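For reference, the structure is listed below as structure tokens.
The values are calculated or read from the model by the stated rules, or taken from the named source; none is laboratory data. None of these values were measured; they are calculated from a predicted model. Virtual Cβ from ideal backbone geometry, glycine too; neighbours counted across all protein chains shown. Remember, those area values only see protein heavy atoms, side chains included, never the ligands or the DNA or RNA. Shrake-Rupley method; radii C 1.70, N 1.55, O 1.52, S 1.80 Å.
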Amino acid sequence: MALNILEMAVLNGEISSDGSITVRKGTLEQCLGKKTLLYDKKGEEHYNLISALHKSMRNSDPDAAVYWLARMLEAGEDPLFIARRLIRFASEDIGLADSQALQIAVAAYQACHFNGMPECNLNLTQAVVYLSLAPRSNALYRAYETAKKDALTQLSKPVPLVIRNAPTQLMDDLHYGKGYIYAHDTEEKIAHMTCLPESLKDRRYYLPTEEGAEAVFKERLEQSRAFRLKNAMQNNTNQQSDNPGERQPP
């Protein structure tokens, strides 16, 4: 392609009296079929533009987001690269505030596979505008980042026995899975057990907002945590009743 463009540019260039050929910008643009844009897929401008798209969507500005999208596509950016970033954005900046956002982003990625450029430009535009106007929540992002820090600093923490699998007799003898309760068999659909390691049993990672549909998840989570707290308090009371000899200090 580059050789063909070079040949067309030379053939359409201005021939001077000394036989030299001058190729001007307008001639080159005609040979390319599009304007030459400032863009380098591996350089700083590449990352500046994708950052501009991401932050425009985060700021609920679909006009700016569509502009940066067009800047990248018309400069020759791979539409699948943009679609992958939209998928990330759907979970990082919207999450459960609008679960439909992730489905739309994935559908845009598939559309880019099916159509390619230039047909997929409208598929990406639809996704970009939707994501720009969807309710915002970064609760999933914060939950994972916080959990990652604990996971990296506490890699040796054992899995609680109650939720371990016991495929062998030895494991069964070691009380793997002892006390496990199948949540579906309970009225509340919540089992009376702690699934985090002992040192992290009170840790909270997912802190939902009240944006969009996430308000519903927040209400359900609060009910779940309230049930677990009530159950833990009852267990402590039962344990004290089973050990009447243990007196509290005056």
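For region 62-171, what log10 I(q)/I(0) values come out of the Debye formula at q = 0.09 1/Å, with one point per alpha carbon and no solvent?
-0.38
Largest first, how would 182, 109 line up by accessible area (1.4 Å probe)?
Descending accessible area places them as 182, 109.
Given a cut-off of under 8 Å on Cα pairs at least six residues apart, what relative contact order in percent is computed for region 89-148?
Once divided by the residue count of region 89-148, the mean separation gives 53 percent.
For Cα pairs less than 8 Å apart in space and 6+ apart in sequence, what is the mean separation divided by the residue count of the chain, i.e. the relative contact order in percent?
14 percent.
Every cysteine in the chain with no other Cys Cβ under 4.7 Å from its Cβ, please list them in numeric order.
31, 195, each lacking another Cys Cβ under 4.7 Å.
At R0 = 30 Å, how high is the FRET efficiency between residue 215 and residue 194 if r is their beta carbon distance? Nearest 0.05 is fine.
It comes to 0.65.
Please give, to one decimal in nm, the separation of the simple spin-label points placed at residue 60 and residue 226, each 7 Å out from Cα toward the Cβ.
Here the modelled spin labels are 2.9 nm apart.
As an exercise, find the ratio Rg/Rh for region 145-195 from alpha-carbon atoms, using the Kirkwood inverse-distance average for Rh.
Computed over Cα atoms, the ratio is 1.09.
As an exercise, use a Förster radius of 35 Å and the Cβ-Cβ distance of residue 166 and residue 142 to find the FRET efficiency, rounded to the nearest 0.05.
0.50
Order 132, 20, most accessible first, counting only protein heavy atoms with a 1.4 angstrom probe.
20, 132
Calculate the translational D of region 62-101 in whole µm² s⁻¹ from Stokes-Einstein, where the hydrodynamic radius comes from the Kirkwood formula applied to all Cα pairs, the temperature is 10 °C and the viscosity 1.306 mPa s.
Calculated translational D: 144 µm²/s.
Reported to two decimal places, what Rg/Rh ratio describes the chain when computed on Cα atoms with Rh from the Kirkwood expression?
Rg divided by Rh gives 1.24.
In square angstrom, rounded to the nearest 10, how much accessible surface does residue 178 have for a 1.4 Å probe?
Result for residue 178: roughly 140 Å² accessible.
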